[in-house]
Amino acid sequence: MDQETLIAAIKEIVKPYTKNEEALNNISENTDFVNDLQINSANLVDIILDVEEKFNIVVDNDSMERMLNVKAAIEIIQSKLAGQ
Amino acid sequence: MRKRVVITGLGVAAPNGVGIPVFKDAIKKGISGIRHDPQLEALQFSCQITGKPDVPENLQLSYLEPLELRNFNSNGILYGLIAGMDAWKDAQLPINNTGEPDWDSGTIFGAGSAGVDKLREAIYKVDDLQVRRLGSTVVPQTMASGISAWLGGKLGLGNQVTTNSSACITGAESLLMAYERIVSGQAKRMLAGSTSDSGPYIWGGFDALKVCTFKHNDHPAAGSRPMSATASGFVPGSGAGALLLESLESALDRNAKIYAEVLGGYVNSGGQRGDGTMTAPNSLAVQRCITGALQYAGVDAHEIDAINGHLTATGKDTLEIENWSIALNRKGKDFPYINALKSMIGHCLSASGSIELVAAVLQLHEGFLFPNINCEDLHPEISAIVDEEKIPQQLIHKELNLIAKASFGFGDVNACIILKKYK
């Protein structure tokens, strides 16, 4: 799955949790979920569950800890998809 | 002299009306909020009639954001938010959107349990080895203090934010605790209230105790019959009530509308000794609670114009009337007017005290006595103590000065509050 498609999918997933609309519109690989999108950190676990559901993957605890921004999310999704 | 405390805001989510205008209209007209409950019928409950506030999704969206409503399954928190935020707005207090908490305002908002439906969901997932799939929403919806935490966040409260729990006196107790916090000078404003979840997992235990009526499944509106000779148990209810308490000084400074004054009250327990048990009241304790409240408020028993009773429609109503009569030393035509809101909304358990206090405050503020419904066949042991004209079955418009409100609860606990018309 290419990067652009993944970013678009992540954008859809984080949309309901995002408090900064403008940052969401400008989402890129460098976007941080908490600092840029102003997502409540408690919601990061919900985002991970939504990612798992969308891509039919399981995100392990170590990966969960790292999934704080778009770049890490892409890496984790791609590696889990490749491992299937 | 003690600091004076007044009520400047009201909110309610009751089975017969959500929001003060609808609720006020309903209690004046004697409209029952008791309905047939298909879920309880499907689950083969003995009692298949209940009282639940009507809270459609578009109403929910006025109190919770779409994100907050995702995976939301705690109706007690929802009812509490509706009542609490309405009371705040009714008091014309601003929703705090500054970065700074409102240090002078807090809440004591009680609950009997929290998010039982949400907890059930979580239990199924945990047992199914899916703990990681619980997400972020379980804790805030199932912690006992959930409702006060949600309200604290919505309103930006910076004073004490807590939840009390004492069975069916929870609502009355929350008001007294809030009152004391203001009297002691530690807060200017306290949102007092309480909420109760609805649903089979709350009500099942009461059904099993055989304290709910099973004789009125075919005619729900006639099912809740406090003080009636044919009372056969309470009708389970749910909802929330909220009252914004404020020091008189603060209310006058803000030029706020004042509904009534709180003169204080008393809480105690019968210690489950004598005739008191986990489920039955020690009469001596009930009487001491009432006289204790009068004494604290500096009010003579003969000055009480009306009683807002606990009166659940179980066999204990007669005993309650007897206890009032002994504590006040009044009977017959000299007995104060007495009202049982549960005749219209059932027994809203941990929320009952708050919803009933809201009704009592409206009575003082506007000068009326709402009708008691379903007691056209007054219990003879009650009419032997209280003259029938003191148990109004029609709306009465009348200036009232002092109302005594009492609640009694499992654990042999009692609370009594004295409310006064503000002058």
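The values are calculated or read from the model by the stated rules, or taken from the named source; none is laboratory data. Remember, predicted model here, so these are calculated numbers, not experimental data. Cβ sites come from the backbone with ideal geometry, for glycine too, and all protein chains shown count toward neighbours.
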(request) Look through segment B:137-159, keep the residues that are under 21 Å from the mean Cα position of the chain (by Cα) and part of a loop (DSSP other than H, G, I, E, B), and return whichever of them is nearest to B:TRP103 (Cα to Cα). (result) B:SER145
(request) Residues being more than 25 Å from B:TYR266 (Cα to Cα) and buried (at least 24 other Cβ atoms within 10 Å of the Cβ): count how many of those fall in segment B:344-369. (result) 2
(message) Just to be sure I understand, how many residues within segment B:296-323 are in a helix (DSSP H, G or I) and either in contact with a Phe, Trp or Tyr (Cβ under 8 Å, 6 or more places away or on another chain) or of a type in the set (D, E, K, R) (or both)?
(response) 5
(message) Name the single residue that is farthest from A:ILE39 (Cα to Cα) among those in segment A:9-25 being within 13 Å of chain B (Cβ to nearest Cβ) and touching a helix residue (DSSP H, G or I) at 6+ places or on another chain (Cβ under 7 Å).
(response) A:ILE13
(request) Kindly establish whether A:SER63 is within 13 Å of chain B (Cβ to nearest Cβ) and buried (at least 18 other Cβ atoms within 10 Å of the Cβ). (result) yes
(request) Give segment B:207-219 a look and list any residue that's part of a loop (DSSP other than H, G, I, E, B) and in contact (Cβ under 8 Å) with a residue 12 or more places away in the chain, or say none. (result) B:LYS210, B:VAL211, B:THR213, B:PHE214, B:LYS215, B:HIS216, B:ASN217
(request) Kindly check whether there is at least one residue in segment B:167-175 that is in a loop (DSSP other than H, G, I, E, B), of a type outside the set (D, E, K, R), within 14 Å of chain A (Cβ to nearest Cβ) and crowded, with 16+ Cβ neighbours inside 10 Å. (result) no
(message) Residue under question is B:HIS379, and the condition is that it be free of Cβ contacts under 8 Å to residues at least 40 places away in the same chain and either aromatic (Phe, Trp, Tyr) or not assigned by TED's automatic domain parsing to the domain that holds B:SER165 (or both); does it hold?
(response) no
(request) Select from segment B:123-151 the residues that are in contact (Cβ under 8 Å) with a residue 12 or more places away in the chain, among the aliphatic types (A, V, I, L, M) and within 14 Å of chain A (Cβ to nearest Cβ) and list them in ascending order. (result) B:LEU134, B:VAL138, B:MET143, B:ALA149
(request) Report, by residue number, each residue of segment B:91-101 that is touching a helix residue (DSSP H, G or I) at 6+ places or on another chain (Cβ under 7 Å) and either under 18 Å from B:GLY19 (Cβ atoms) or at pLDDT 95 or above (or both). (result) B:ILE95
(message) B:ALA187 - would you say it is buried (at least 20 other Cβ atoms within 10 Å of the Cβ), assigned to a helix (DSSP H, G or I) and more than 14 Å from chain A (Cβ to nearest Cβ)?
(response) no
(message) Within segment A:1-23, take every residue that is over 12 Å from the mean Cα position of the chain (by Cα) and closer than 20 Å to B:LEU69 by Cβ and give me the one that is modelled with the lowest pLDDT.
(response) A:LYS19
(message) Filter segment B:192-220 down to the residues that are more than 30 Å from B:THR8 (Cβ to Cβ), of a type outside the set (A, V, I, L, M, F, W, C) and in contact with a Ser or Thr (Cβ under 7 Å, 6 or more places away or on another chain) and list them by number.
(response) B:ASP207, B:THR213, B:LYS215
(message) Can you list residue pairs whose Cβ atoms sit under 7 Å apart, with the first residue in segment B:237-249 being at pLDDT below 95 and the second being part of a strand (DSSP E or B)? Count only pairs 6 or more apart in sequence or on different chains.
(response) none
(request) Could you tell me which residue of segment B:60-86 is nearest to the other protein chains (Cβ to nearest Cβ), considering only residues that are aliphatic (A, V, I, L, M) and more than 15 Å from the chain's Cα centre (by Cα)? (result) B:LEU67
(message) Return the residues of segment A:27-42 that are of a type outside the set (D, E, K, R) and away from chain B (no Cβ under 14 Å); say none if nothing qualifies.
(response) A:ILE27, A:SER28, A:ASN30, A:THR31, A:ASN35
(request) Hey, can you tell me all the residues within segment B:118-136 that are in a helix (DSSP H, G or I) and either touching an Asp or Glu at 6+ places or on another chain (Cβ under 9 Å) or over 24 Å from A:ASP60 (Cβ atoms) (or both)? (result) B:LYS118, B:LEU119, B:ARG120, B:GLU121, B:ILE123, B:ARG133, B:LEU134
(request) Might you check whether a residue that is away from chain A (no Cβ under 14 Å), without any contact (Cβ under 8 Å) to a residue 12 or more places away in the chain and closer than 16 Å to B:TRP150 by Cβ occurs anywhere in segment B:10-30? (result) no
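Yes/no matrix, rows are residues, columns are (1) touching a strand residue (DSSP E or B) at 6+ places or on another chain (Cβ under 7 Å); (2) in the same structural domain as B:LEU400 (by TED's automatic domain parsing); (3) of a type in the set (Phe, Trp, Tyr); (4) not in a loop (DSSP other than H, G, I, E, B):
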residue: B:ALA221; (1), (2), (3), (4): yes, no, no, yes
residue: B:ARG225; (1), (2), (3), (4): no, no, no, no
residue: B:ALA242; (1), (2), (3), (4): yes, no, no, yes
residue: B:LEU252; (1), (2), (3), (4): no, no, no, yes
residue: B:THR277; (1), (2), (3), (4): no, yes, no, no
residue: B:PRO281; (1), (2), (3), (4): yes, yes, no, no
residue: B:LEU284; (1), (2), (3), (4): no, yes, no, yes
residue: B:GLN287; (1), (2), (3), (4): no, yes, no, yes
residue: B:GLY292; (1), (2), (3), (4): yes, yes, no, yes
(message) Can you tell me which of (1) free of Cβ contacts under 8 Å to residues at least 24 places away in the same chain; (2) in contact with a strand residue (DSSP E or B) (Cβ under 8 Å, 6 or more places away or on another chain) is the one B:LYS188 doesn't meet?
(response) (1)
(message) Tell me yes or no: at least one residue of segment B:172-195 is under 30 Å from B:GLN44 (Cα atoms) and β-branched (Val, Ile, Thr).
(response) yes
(message) For a quick check of your reading of the model, give me the residue pairs whose first member lies in segment B:265-281 and is touching a residue at least 12 places away in the same chain (Cβ under 8 Å), whose second is of a type in the set (A, V, I, L, M) and part of a strand (DSSP E or B), with beta-carbon atoms closer than 7 Å and at least 6 apart or on different chains.
(response) B:GLY265/B:ALA415; B:GLY265/B:ILE417; B:GLY265/B:ILE418; B:VAL267/B:ALA415; B:SER269/B:VAL413
(message) List the residue pairs whose Cβ atoms are under 8 Å apart, where the first residue sits in segment B:98-122 and is within 27 Å of B:ILE7 (Cα to Cα), the second is modelled with pLDDT under 95 and surrounded by fewer than 24 Cβ atoms within 10 Å (Cβ to Cβ), and the two are 6 or more positions apart or on different chains.
(response) B:ASP102/B:ASN96
